[in-house]
Amino acid sequence: MVFFKAAVAASLLAAASAQPIATLPGVPVVNGYGLSPLPPQNINGQEIHASNGEFWVGKPTTTLCPVDEKLCPKPGNKTAFTVLPDGTMWMDTVVPGGQQLFVTPKGVVSYTKPHSAAMPQGYVSNGFRIVISGGGLLVIPPGSWKICPDSKGRYQLFMESHGKTLRNEDVPSGNAEHCLLTHVQSQALPGFGTSAYEYL
């Protein structure tokens, strides 16, 4: 499950059902969010996992503990990150240097490899923020969230940048019309720093 530092479990809501959005003036950045999609019904309540450099519904979280197990968080399926005041997002890891979330030019939501800050040319890595909507919290990207199915009924998380659209050749099904516009809704969760040593 995806969480952000200091507290929040998030859900994906169809854009059509979203409530009006208002900013949170004077409220500190909330950290520790998670993602859990609601519509469509076949993925209702399932969680989004960081899986081999991407974010998916229906695939397991992939982590590694390359050091003494006593130095690593307990194994589990939790995927976590934090939103910083500068608009960047970082995975909740122990690995030196951290792992930063970014969006590729093809719209794939990804994160840097352990011990590397490398990102592809044309990436987007800032502009993320938290707002309030209908009594809940939304994680707003510098574009629009979308989830796209593959042939096995799993969904990959994408971000469609302003002025750009996802291409058929870049989504799992080969047809960008299968993708669904979503919001990432969040609620408070306890804790930070206990998610993974590093994500694969």
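The values are calculated or read from the model by the stated rules, or taken from the named source; none is laboratory data. Because the structure is predicted, anything quoted here is derived from the model rather than measured. Neighbour counts are summed over all protein chains in view; Cβ atoms, including those assigned to glycine, are modelled from backbone coordinates with ideal geometry.
Write out, first by first residue and then by second, each pair whose Cβ atoms fall under 9 Å of each other, whose residues are 6+ apart or on separate chains, and whose first residue, in the range 129-156, is small (Gly, Ala, Ser) and modelled with pLDDT under 75 while the second is surrounded by fewer than 21 Cβ atoms within 10 Å (Cβ to Cβ) and in a strand (DSSP E or B). Close Cβ pairs (under 9 Å, with a partner that is surrounded by fewer than 21 Cβ atoms within 10 Å (Cβ to Cβ) and in a strand (DSSP E or B)) amount to Ser133/Ile21; Ser133/Ala22; Gly134/Ile21; Gly136/Gln187.
Condition check ((1) more than 17 Å from His115 (Cβ to Cβ); (2) of a type outside the set (Gly, Ala, Ser); (3) at pLDDT below 85) across all residues:
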site	(1), (2), (3)
Gln41	yes, yes, yes
Ile48	yes, yes, yes
Asn52	no, yes, no
Leu64	no, yes, no
Glu69	yes, yes, yes
Thr88	yes, yes, no
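Gly26 meets each of the listed conditions (1) at pLDDT below 75; (2) touching an Asp or Glu at 6+ places or on another chain (Cβ under 8 Å) apart from (2). Which of (1) at pLDDT 75 or above; (2) touching a helix residue (DSSP H, G or I) at 6+ places or on another chain (Cβ under 6 Å) is the odd one out, the single condition Pro37 does not satisfy? Every condition holds for Pro37 apart from (1). Among the conditions (1) outside any loop (DSSP other than H, G, I, E, B); (2) touching a residue at least 40 places away in the same chain (Cβ under 8 Å), Phe102 misses just one, which is (2). Filter the range 143-170 down to the residues that are acidic (Asp, Glu) and closer than 12 Å to Pro105 by Cα and list them by number. Those that are acidic (Asp, Glu) and closer than 12 Å to Pro105 by Cα: Glu160, Asp170. The criterion of at least 2 residues that are within 23 Å of Gly87 (Cα to Cα) and in contact with a Lys or Arg (Cβ under 9 Å, 6 or more places away or on another chain) is met, among strands (runs of 3 or more DSSP E) falling completely within the range 136-175, by 136-140, 155-161.
Restricted to the range 105-118, and to residues there that are in contact (Cβ under 8 Å) with a residue 24 or more places away in the chain and not aliphatic (A, V, I, L, M), the residue that is farthest from Val171 (Cα to Cα) is Pro114. Which of the residues that make up the range 90-120 are modelled with pLDDT under 90 and polar (S, T, N, Q)? The one that is modelled with pLDDT under 90 and polar (S, T, N, Q): Thr93.
Under the condition of being within 20 Å of the chain's Cα centre (by Cα), over 24 Å from Thr61 (Cβ atoms) and surrounded by fewer than 17 Cβ atoms within 10 Å (Cβ to Cβ), the residues counted in the range 143-163 number 1. Checked against (1) within 17 Å of Leu157 (Cβ to Cβ); (2) touching a Ser or Thr at 6+ places or on another chain (Cβ under 7 Å), Lys106 passes all but a single condition, namely (2).
Exactly one residue out of Ala80, Ala117 is in a loop (DSSP other than H, G, I, E, B), among the hydrophobic types (A, V, I, L, M, F, W, C) and within 19 Å of the chain's Cα centre (by Cα): that is Ala117.
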